[in-house]
Each structure stands twice: as C-alpha cells, then as structure tokens.
There are 2 protein chains.
Amino acid sequence: MPDSVALDRFDHALLDLVQVDNQMPARLLADRVGLSESAVLRRLRRLRQSGVIAADVAVVDPVVLGLPLTIHVLVSLEREGAMELDAFARRLRGRPEVRRAWSVTGEADFVLLLQVADMGAYDGFARAVFHDDPNVRAFRTITAMRQVVGAGDGAAPMRRPVRPVTSR
Amino acid sequence: MPDSVALDRFDHALLDLVQVDNQMPARLLADRVGLSESAVLRRLRRLRQSGVIAADVAVVDPVVLGLPLTIHVLVSLEREGAMELDAFARRLRGRPEVRRAWSVTGEADFVLLLQVADMGAYDGFARAVFHDDPNVRAFRTITAMRQVVGAGDGAAPMRRPVRPVTSR
DNA sequence: GATGAAAGGCGACGGAG
DNA sequence: CTCCGTCGCCTTTCATC
C-alpha cells in the first residue's frame, strides 16, 4: 500500500474502460490504451491494491428485480445531535429499500435514494421509518420518472431491455 | 433473450455475492451457495445474458481521484415541455461532474448527483449549467457531509483508506 | 429441463533478459 | 517492457437424474 498514488494518462484510460466493463481481457485493454498486456495487468493490480479501484461489482438492473420505482427523499430531523443522526443512519442501513443515503447540510438532514416495487411499498417504508420515528420532523418525496444520466445503479450502460422477473 | 426470467434462491444468493465482488472465483461462490462450480457458472451466464446482471464494472473511489465533494442539486425549469426537458438532459450528459441525474416529479424537475473537486469547481459548473441557461428557473444545492448507506459509487464496501492522488 | 464431474483452452501471473 | 513458462479459472462435453 503506497503512501500516495500518481495516475498518468494510461491509468486514466484504463479506469475509463474498466468502469464500463471490468471483465474485458487485458489483451483488449492493452490494444485500446497502447500498452503491453503485462503493463496493463500490473497497472490494474496497483490500482486495486492502492484503493483507486475500490471494488469490482456486478450491476443488477432494479427493474428486472421488480423494483422499478426510484424515489428520492429529503428528511429533516427534530434534534440534529450526533447521536440522533447516527441512530437514524443505523436504522436506514437496516432497510433494503435504501440504496444510498447521505447526511447533508442545508434544507434537510438526510438525502435518501430508494428503490421500491411500487407506491404501496414506499408507503410501508415511510410509515415504518418516518411516521413511527418521533425524531423525524418532516420528509419530502421526489419520485423519479426516468434516469437521464448514468444507467442503472452503476455508471455502466444497460445491455438490453428485459422483462420483469418472477421470483419463485 | 428469454421472454421472462425466473429467479430462485440460488440466483438471489449469487446476485448478493456478485454485487459485492464479481471477481470471486466460481469455486468459492459454489461453496457459499451450496452448488457445484458448473451450476454457478451456468447460472451467472444466464443472469448476464438475460440482462438481470446489466453490467460488470470497477468502482473507482471519487475521493482518490480528487473529487471528494458530493453535491445534490434540485433544478426547476421555466418551461417543462418535452423538448426543454430533453435539451437540459442532453446538456447534463455533456458534463463530467454529473454522475447521475433524474427527471422527477414534484417540487423540482431534475435531481442531480454531482462529484466535484471543491466548491470552486461547483461554482464553475453552476455558472455554466444553471446561470447561463435562461430556462433554469431555480436550483437548490445540498452538500453531502458523509455517505451513510452504500459506499462509493457502487453498492460495494470500500477496501481501505487511501491518500489523494496527483495526476501527472 | 436441471445438476455435477472431467478434459481442454484461454487468460493471468511471475521470473528472466 | 517483452518474452516465456506455469498455474488457475472458465468453457465445453458428458453422464445422470
């Protein structure tokens, strides 16, 4: 683990490619960025060990899993002490609907990004997390119609349209 | 491309694992879910071809790239016709600061998720995209202090803290 | 249809020059 | 950085239920 990392244009080129498809063979990456296969492998290894590449993940389409509704929520708490913020954050982490959440400054205390099956599911979530929590002063719901930048949950392009799924 | 996809508990278990690390050998996956290596490989193949797994990507830590600031913006437009919405969406797609953006209903027309180096960078972005666009009626900035659910850009855990990077 | 075991081939990794 | 050898993993095929 080096103390600091320096990225040149080759590293940036590799990062651009591997952020779209991290299963591409090193041979192809080498051709695209103008390096040898060995060099590509070594650089990727360094990028992963140094933490520049924080993880390698499969991106699952929420729509296919039956969670087509994307909802943003701005949550304001009554008391904004460190303990209360932590407690709320912990509760969020226990809810599978919450894909991401940030503690924020400004008009709200938290920004939530949810992925749910339908409005009924969101209603149940709101009751459990917002209404039943006396420390939640207010929340504002923003329903997404379509994602216009980025795709799915990662920054990678979708592969093809797929019909919803039946879980058995 | 099958007309519909059915997922059983093995598929869900595989998805859970591969969403955290898609480079795990099939041998390990097989041990964890209780299947043979062959079965695991075949199932993953189907999940990818059917689009349930939409992509396989490397997650790059924005902080290491020198973009530690996460900012949400609620944007309201003057005229909300389809043409105006599309035009604005197209401009967003041209800006590297915009990690994700949604067209939404409710108090705003767009929700933006930005990743920038500092407030100066955001100021430049705001001038170019908001102030210089006569169709932007208002925008509200929400600065994230810390992400409390999810990690980085993907849903995967960070690997280790790393010092910022110098680009050369 | 599904699974699990074995043979083959491609790609990643390490060392030498 | 390139070349080469080894090893590990994915692919394919097969028998089986």
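Neighbours of A:Phe125 by Cβ distance under 15 Å: Lys/Arg scored +1, Asp/Glu scored -1, total +2.
Here the accessible area of chain A is 51 percent carbon and sulfur, with a 1.4 angstrom probe and all protein chains present.
With the helix formula -39500 (n - 2.57) applied to DSSP H stretches of n ≥ 4, chain A reaches a computed 222 nm mean residue ellipticity of -9000 deg cm²/dmol. Between A and B, roughly 7200 Å² of accessible area is buried in total, ligands, DNA and RNA not counted and the probe set to 1.4 Å. When the Cα atoms of region B:28-110 are aligned to their principal axes, the ranges along those axes come out at 58, 33, 23 Å in descending order. Taking amide H as placed 1.01 Å from N in the peptide plane, A:Val5 has its amide H under 5 Å from the amide H of B:Thr166, each at least 5 places away in sequence or on another chain. Our coupling estimate for region A:120-126, obtained by passing each phi through the Karplus curve with A = 6.51, B = -1.76, C = 1.60 and θ = phi - 60°, is x, 5, 5, 4, x, 4, 5 Hz, Gly and Pro reported as x. Each copy carries a label point for A:Arg93 at 7 Å from Cα toward Cβ; from one copy, the others' points are 3.8 nm away, ordered from shortest. Considering only B:Thr105, B:Val18, B:Val73, and ranking their Cα positions along the charge dipole of region B:1-124 that arises from unit charges at the beta-carbon of Lys, Arg, Asp and Glu, the one farthest toward the positive end is B:Val18. Rounded to whole numbers, the Karplus 3J(HN,Hα) couplings from phi for region B:6-16 are 10, 10, 9, 5, 5, 4, 4, 5, 5, 4, 4 Hz, using 6.51 cos²θ - 1.76 cosθ + 1.60 with θ = phi - 60°, and x at Gly and Pro.
The values are calculated or read from the model by the stated rules, or taken from the named source; none is laboratory data. What you see is a predicted model; the values in this text were computed from it and never measured. Don't worry about glycine lacking a Cβ; one is built from the backbone with ideal geometry, like all the others, and counts go over all protein chains shown. Each accessible area value is taken on the protein alone, full model and side chains, heavy atoms only, with ligands, DNA and RNA left out. Shrake-Rupley method; radii C 1.70, N 1.55, O 1.52, S 1.80 Å.
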